[in-house]
Each structure stands twice: as structure tokens, then as C-alpha cells.
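Step one of this worksheet: look at the structure below.
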Amino acid sequence: MPTARQFTAGTFAQGTNILKEAVNRLPGLFEAAAGLVGVRPFKQLKVRVVILRDEAGEPLATPAEIVPSLDEAERILALAANVRLIAADPLIVTVANPAPLEALNVHCDDGAWQEDFDVAGAYFRRQVAVTGSGRLLGYGAPVTVFIVRDISNKGGCSLGPLTDYVTLEAKMLDRARHRLLAHEVAHACGLWHSDDKENLMYPKGPGAALTRFQATVLRNSRHVTII
């Protein structure tokens, strides 16, 4: 059970993130309308990958194992939405100390939502990348990708606009699953699953395409900015 402090912090974080998302999407409605007819000026999305350490202090992955997934995400988002990934400097971080068990082995869907009010959510919020404008207004808030040990019944998970982070299983970093990082980041930017196997938002891949509407929704997220 979460402590009162953890529950309050989780509630406040989720509530303010929803408010920031709504406020930041409103000014972008004109650009969104232009995007629906194919007018898409270059935009950017800040990302950081945080590698957790297990109970013995061993990193769950190496920076070299992360790079192919980042490269694939950059390729997919550039082609599908004219969005470039840039580093929330530094781009890849390995935490200094072992992560709590609750953050190493996490859940998805309702389980992830509940965990955001507990130890895991509190830990992730302490580790996320932040910017001044992102913290205050939500504009340009980076998406932090946590490399965890296990996600129950999933390879990756996102709570969409409720949080500024997503989780990805370390074992999902092999060649066949490089597009998963892009898939979860797109969830964080407001996209939902698709039934089209050629689409990035198809749960099991290998699709990498986005419809014009999906690209417009992603580009209008608080995480995606002109500067």
C-alpha cells in the first residue's frame, strides 16, 4: 500500500500532467489542422534513457545495447511525423545505486497506473529528465525511458499523458524489437494502439508507419516542440 505522501504525490503529478497536456494542445490546434493536410514543419522531442541496476548493483543493459533502439526511433519518427529525437542531455544514464524491487519488476495497464501512486512511481519521478519549461508548463517536457527487468505480460509500457516516463524490458532490446522504444514514446505523446500490422502502434510490430491523423496527434503533444 502506498503511503499518504506517495499517493498524494502521484495524484498531483498525474493531475498536473493532464492539465499541462490539455493546455499545451490548445495553442497547437491551428498547426494540427495544417498537419491534417500534410503541412508538417520540423519539430523535436527530447528523450533520455535511464538504465536501472538490479539488487546486486548490476546494470540491466549497456549504453551500446540502447543505441540501436534510439536510432530506430529517430528514423521512424522522422519519416512518419517529421519529428527528430534529441538528447535530454545526457541521452543515456545508468543509475548509481540498485533500484527498488518495485521499480525493477513492474506491471502495465491498471497495474502500472496503481504503481505510479506507490514506490515505483515515486522512484521514477525522482529519476526523470526535466527542463524548466517542462516542469512549470509542460512545454517540451522530455520523455524518460526506464530500462527495467520485467513488465508483467508486456515488453514495454506507457501511461500516456499521465506521466513523463515509459518502461521497457531489458530483454526487449534485441534486433527484432528495436521499434518498441518508438512505440512506447508515441504512447507517451498521446497515441493509442492500432489494428494495422504496418502501423507503429500495432502492439507486436514490425510496423513503423503512422497515419496523417496519428502524426498530427503526436506532433501536438506537450513533449513535441518547435524549439
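The values are calculated or read from the model by the stated rules, or taken from the named source; none is laboratory data. In this text, all values refer to a predicted model and were calculated from it rather than measured experimentally. Here Cβ is always computed from backbone atoms with ideal geometry, including for glycine, and neighbour counts include all displayed protein chains.
Observations on the structure shown:
- Within segment 188-206, tally of residues that are touching a His at 6+ places or on another chain (Cβ under 7 Å) and not in a loop (DSSP other than H, G, I, E, B): 1
- Residues in segment 115-126 that are in contact with a helix residue (DSSP H, G or I) (Cβ under 9 Å, 6 or more places away or on another chain) and more than 14 Å from Lys154 (Cβ to Cβ): Asp116, Phe117, Asp118, Val119, Ala120, Gly121, Ala122, Tyr123, Phe124, Arg125.
- The residue that is modelled with the lowest pLDDT, counting only those in segment 88-115 that are outside any helix (DSSP H, G or I) and more than 20 Å from Ala170 (Cα to Cα), is Asp89.
- Extreme residue, surrounded by the fewest Cβ atoms within 10 Å (Cβ to Cβ), among residues of segment 207-227 that are assigned to a loop (DSSP other than H, G, I, E, B) and out of contact with any Cys (no Cβ under 9 Å at 6 or more places or on another chain): Ile227
The rows are residues; the columns are (1) more than 19 Å from Ala129 (Cβ to Cβ); (2) touching a Lys or Arg at 6+ places or on another chain (Cβ under 7 Å); (3) without any contact (Cβ under 8 Å) to a residue 12 or more places away in the chain.
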| site | (1), (2), (3) |
| --- | --- |
| Ile18 | yes, no, no |
| Asn24 | no, yes, no |
| Ala34 | yes, no, yes |
| Val49 | no, no, no |
| Asp54 | yes, yes, no |
| Glu65 | yes, no, no |
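- Each residue in segment 151-206 was checked for being closer than 20 Å to Ile92 by Cα, among the hydrophobic types (A, V, I, L, M, F, W, C) and touching a Cys at 6+ places or on another chain (Cβ under 9 Å), and 3 pass.
- Condition met for Lys154 (at pLDDT below 95, surrounded by 17 or more Cβ atoms within 10 Å (Cβ to Cβ) and basic (Lys, Arg)): yes
- Meets criteria (touching a residue at least 24 places away in the same chain (Cβ under 8 Å) and either more than 13 Å from the chain's Cα centre (by Cα) or surrounded by fewer than 18 Cβ atoms within 10 Å (Cβ to Cβ) (or both)) for Val119: yes
- Identification of strands (runs of 3 or more DSSP E) wholly contained in segment 143-187 with 3 or more residues that are not polar (S, T, N, Q) yields 143-148, 165-169.
- Selection within segment 29-50 - among the small types (Gly, Ala, Ser) and either surrounded by fewer than 18 Cβ atoms within 10 Å (Cβ to Cβ) or farther than 16 Å from Val224 by Cα (or both): Ala32, Ala33, Ala34, Gly38
- Residues located in segment 122-143, provided they are more than 14 Å from the chain's Cα centre (by Cα), closer than 27 Å to Val83 by Cα and among the aliphatic types (A, V, I, L, M): Leu136, Leu137
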